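Notes for the one structure printed next.
The values are calculated or read from the model by the stated rules, or taken from the named source; none is laboratory data. Everything numeric here is computed off the predicted structure, so don't read it as measured data. So basically every Cβ, Gly included, is an ideal-geometry build from the backbone, and we count neighbours across all protein chains shown.
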Amino acid sequence: MSTTPDPATLLLLGAIGAPRGIKGEVRIKSFTAKPKDIAAYGPLWDEKAARTFRVKVVGETKGHLIARIDGVSDRNAAEALKGTRLYVPRDVLPPADDGAFYHVDLIGLRAETTKGEFLGEVQAVFDHGAGDVLDIGGGPYKGLVVPFTLDVVPEVDIKTGRITIEPPEGLLEPAEDEARE
């Protein structure tokens, strides 16, 4: 029996999608580097660590895994799980490789330019298909989003809680409508 983890330590690994068939199988969108690894870290939890899920991957289709979840044996039970996000405690994951980061490690880092100008803190990390971007908030620039590339973010120092940004030309200039105000 697993010990219930602290919800603050949970990292998102995937989300349950639509049911597949009538025997309780579900589609899962995996956010792990190797999608099938979602089931390799032991039980998965909901975001409040109130419910646990044991997942067995049985196939793949169009960017999703097909999986069976212990205790889910019909389409209605599978449908009830649609949208459930799946988490694991941080301590079951391996350390990130050099130059790689878990998104959660970046949240809250102080962002400043290579010249020392405070930009804010990393609020979120998104990947809309063209690579990760950092949402920087709480600083002097509204809606600041920067590409998370080595050219733009040459330094990430988790230990000191800081990232350094080399802003691309025009990034820190106000939008035309803001400049007129």
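Structure data summary
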item: Verdict on GLY131 being modelled with pLDDT under 95, exposed (fewer than 11 other Cβ atoms within 10 Å of the Cβ) and not β-branched (Val, Ile, Thr); result: yes
item: Filter result for the condition that a residue is aliphatic (A, V, I, L, M) and out of contact with any strand residue (DSSP E or B) (no Cβ under 7 Å at 6 or more places or on another chain), over ALA15, ALA33, ALA67; result: ALA33
item: Qualifying residues in segment 58-78 (those that are touching a residue at least 24 places away in the same chain (Cβ under 8 Å) and touching a helix residue (DSSP H, G or I) at 6+ places or on another chain (Cβ under 9 Å)) - the one surrounded by the fewest Cβ atoms within 10 Å (Cβ to Cβ); result: GLY63
item: Exclusive hit being surrounded by 14 or more Cβ atoms within 10 Å (Cβ to Cβ) and either outside the structural domain of LYS36 (by TED's automatic domain parsing) or free of Cβ contacts under 8 Å to residues at least 12 places away in the same chain (or both), set THR84, THR113; result: THR113
item: Considering residues of segment 1-31 that are crowded, with 17+ Cβ neighbours inside 10 Å and among the β-branched types (Val, Ile, Thr) only, the residue nearest to GLY63 (Cα to Cα); result: ILE28
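For every residue, the table says whether it meets (1) under 21 Å from PHE126 (Cα atoms); (2) modelled with pLDDT under 95; (3) among the acidic types (Asp, Glu).
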position: ALA18; (1), (2), (3): no, no, no
position: ALA40; (1), (2), (3): no, yes, no
position: GLU47; (1), (2), (3): yes, yes, yes
position: ARG54; (1), (2), (3): no, no, no
position: ASP74; (1), (2), (3): no, no, yes
position: ALA80; (1), (2), (3): no, no, no
